[in-house]
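No lab work stands behind these numbers, since they all come straight from the coordinates. Note that the structure is a prediction, hence the values are computed from the model and not measured. Virtual Cβ from ideal backbone geometry, glycine too; neighbours counted across all protein chains shown.
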Amino acid sequence: QVHMVESGGGLVQAGGSLRLSCAASGRTFGTYTMGWFRQIPGTEREFVAAISQGGGVATYADSVKGRFSISRDNAQNTVHLQMNNLIPEDTAVYFCAARELNIPSVRHHEYNYWGQGTQVTVSS
């Protein structure tokens, strides 16, 4: 089992940046694929980015390519999402997710553990 807590969300002006962090418990953190998803009220949870166990491979949704960067520090049991050039469409609750299988997935239902979410609001 993995317990995760997201932080770093907030209100930012369009064009600005935020850095989200996810702190995870457990000594097996480095065995999990990690991902970031976001959700707008009334919509399905949307894939944002995922990173392999060792951090060598990252996958991004087309909507955030070139603007967002995912990273992880297995020694610190953390995963981060650096968000640059933010636009109002990025406004959502962002969730950190962990997958037991060692293959990243864009499907939210294939992740096993979730944080509570952190709100990101981008103003025009």
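Relative contact order of the chain, taken over Cα pairs closer than 8 Å and 6 or more residues apart, is 36 percent. A Cβ-based charge dipole, computed about the Cα centre of the chain with Lys and Arg at +1 and Asp and Glu at -1, lands at about 200 debye. Placing unit charges on each Cβ (+1 for Lys and Arg, -1 for Asp and Glu) gives the chain a dipole about its Cα centre, and among TYR94, MET4, GLN116 the Cα reaching farthest toward its positive end belongs to MET4.
Across the chain, the volume of the C-alpha convex hull divided among the residues equals 90 Å³ per residue. Shown here are the Rg and Dmax of the Cα trace of region 38-78, at 12.1, 37 Å.
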